[in-house]
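As structure tokens, the structure follows; a few thoughts come after it.
Read-outs: derived from the displayed coordinates by stated rules, not from any lab. Note that the structure is predicted; figures quoted are calculated from it, not measured. Here the Cβ positions follow ideal geometry from the backbone for every residue, glycine too, while neighbour counts run over all protein chains shown.
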Amino acid sequence: MEQHVHHDMHHDMGTNAMALSATLHCLTGCAIGEILGLMIGTALALGNLATIAIAVGLAFLFGYALSTLPLLRAGLGVGAALTVVLAADTLSIATMELVDNLVMALIPGAMDAGLVNPVFWLSMMLALTAAFLAAWPVNRYLLARGKGHALTHGYMGAEPVGARRYIPALTTSALIAAIAAFMLGGLVVSIADELGASPATGHALASVRTAS
């Protein structure tokens, strides 16, 4: 009995770790697409619906692309790789997108904030965190039943041959670090812009009052 319990605990820990890895992997593609889509929508002053549509489309595009690359390296054809990825990632990405955009829409001023506004970057960080927390149990549920990212595990670790060696091997940890650095950089720049604008605004107001 004790051995059976120990086995179940070990299995649960393994499933939790796999779900964490799968969710982080999905988060990278979603984050790239979401950030790029919201940046495009904000820069072009598009409406909220158009901005969300672009962000969701790009999130699925980058999410599927990042999952397809390692399968192509492993030797699968494009059609076979896309079939596996669509079955493995769609529910996870859809969950992330639903939660991410809902959070962004609910935060006052988040969708209308400019790219040099701290509200934009802080809201995005909060939205992606909420999306991760929502997608983790979804991935765990799928993995426990041999679905989701479990479908791709059999192809991981295969040594690429021929021209497939030139397909980039992008690790999840490197992508997460790059995304985090980019978002922190955007936040720092926006805060610096806010701080730099404040003295100028105050000086301008003082000049107007003097002239009056």
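For Asn117, nonlocal amide neighbours, meaning residues 5 or more places apart or on other chains whose placed amide H falls under 5 Å from its own, do not occur. Projected onto its three principal axes, the C-alpha set of segment 50-177 covers 50, 33, 26 Å, listed from the longest axis down. Calculated FRET efficiency, Thr90 to Val189, Cβ-Cβ distance, R0 = 41 Å: about 0.75 to the nearest 0.05. For Val161 and Ser21, a Förster radius of 22 Å and the Cβ-Cβ distance give a FRET efficiency of 0.30, rounded to the nearest 0.05.
Order these peptides, 103-110, 50-57, by their mean beta-carbon neighbour count within 10 angstrom, highest first. Let's see the in-between values first.
Numbers: 103-110: 15.6, 50-57: 18.8.
Order by mean packing, descending: 50-57, 103-110.
The distance from the alpha carbon centre of segment 143-190 to that of segment 86-117 is 20 Å, rounded to a whole number.
Annotation note: trypsin sites (Lys or Arg not before Pro) in segment 61-166 located in DSSP loop regions with a Cβ neighbour count of at most 13 within 10 Å are Arg145. Taking all Cα pairs closer than 8 Å and separated by 6 or more residues, the relative contact order of segment 1-154 comes to 28 percent.
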